[in-house]
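Scroll down for the structure; my scribbles are underneath it.
The values are calculated or read from the model by the stated rules, or taken from the named source; none is laboratory data. Values in this document were obtained by computation on a predicted structure and should not be read as measured data. Reconstructed Cβ throughout: ideal geometry from the backbone, glycine too, with neighbour counts over all protein chains shown.
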Amino acid sequence: MKHLVTAGLLGAMFAAGTIMPMTANADETMDNATVENRKMLMDGIGGAMGTLGCYLKGKCELPEPVLRNLANGIAFAAAAAPSAFEAKTMDASVKTTATDNVWTDWADFSGRFPALKDAALAMAAVAGDKSAMGAAMGDLGKSCKGCHDTYRSK
């Protein structure tokens, strides 16, 4: 009986030892996926901003519906961003430029996205009118910069 108890305890310890690293790997995998999703979301905003900037600088021609869709895409991403960033991803091994301030000052960080969304919708409303888009781009850029200055590492 004593050997059975010892074998059972050793078996349980072995199982716990093999399960714990799997749990840690699962946490890292989940956190990495979350970070990658955030990066895609923010890269989408950056890509749309760059494309709108290309149009406004006269370096590329785009039809009005494309311009509107780019701005609406930014608005959509801004609406999705708070829930995408809500989870703390301490186990992630993926490199990111987000600072810990995102989570230590969550109310301010998450509270900035409605202004980004509004600025993007204002851009969408004037799509095709370069003069009005220029002013809207200024507001949109200020919204991005304000957040980047506080919540993004260089």
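Numbers below:
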| item | result |
| --- | --- |
| Pair list, Cβ under 9 Å, 6 or more apart: segment 123-148 residue in a helix (DSSP H, G or I), other residue surrounded by fewer than 19 Cβ atoms within 10 Å (Cβ to Cβ) and at pLDDT below 95 | His148/Thr97 |
| Residue tally, condition of a type outside the set (S, T, N, Q), loosely packed, with under 15 Cβ neighbours inside 10 Å and part of a loop (DSSP other than H, G, I, E, B), over segment 92-122 | 4 |
| Matching option when the condition is hydroxyl-bearing (Ser, Thr, Tyr) and in contact with a helix residue (DSSP H, G or I) (Cβ under 7 Å, 6 or more places away or on another chain), among Thr89, Thr104 | Thr89 |
| Test: Lys145 is more than 30 Å from Asp31 (Cα to Cα) and surrounded by fewer than 14 Cβ atoms within 10 Å (Cβ to Cβ) | no |
| Positions within segment 9-45 being at pLDDT 50 or above and hydroxyl-bearing (Ser, Thr, Tyr), in sequence order | Thr29, Thr34 |
| Enumeration of residues in segment 94-131 that are over 22 Å from the mean Cα position of the chain (by Cα) and within 21 Å of Phe76 (Cβ to Cβ) | Ala125, Val126, Ala127, Gly128 |
| Looking only at segment 78-110, and only at residues there that are β-branched (Val, Ile, Thr) and in contact (Cβ under 8 Å) with a residue 40 or more places away in the chain, the one that is nearest to Ala122 (Cα to Cα) | Val102 |
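Here's the yes/no breakdown for (1) at pLDDT 95 or above; (2) polar (S, T, N, Q); (3) more than 19 Å from the chain's Cα centre (by Cα); (4) closer than 16 Å to Leu140 by Cα:
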residue	(1), (2), (3), (4)
Lys2	no, no, yes, no
Gly47	yes, no, no, yes
Cys54	yes, no, yes, yes
Val66	yes, no, yes, no
Ala71	yes, no, no, yes
Ala87	no, no, no, no
Asp91	no, no, no, no
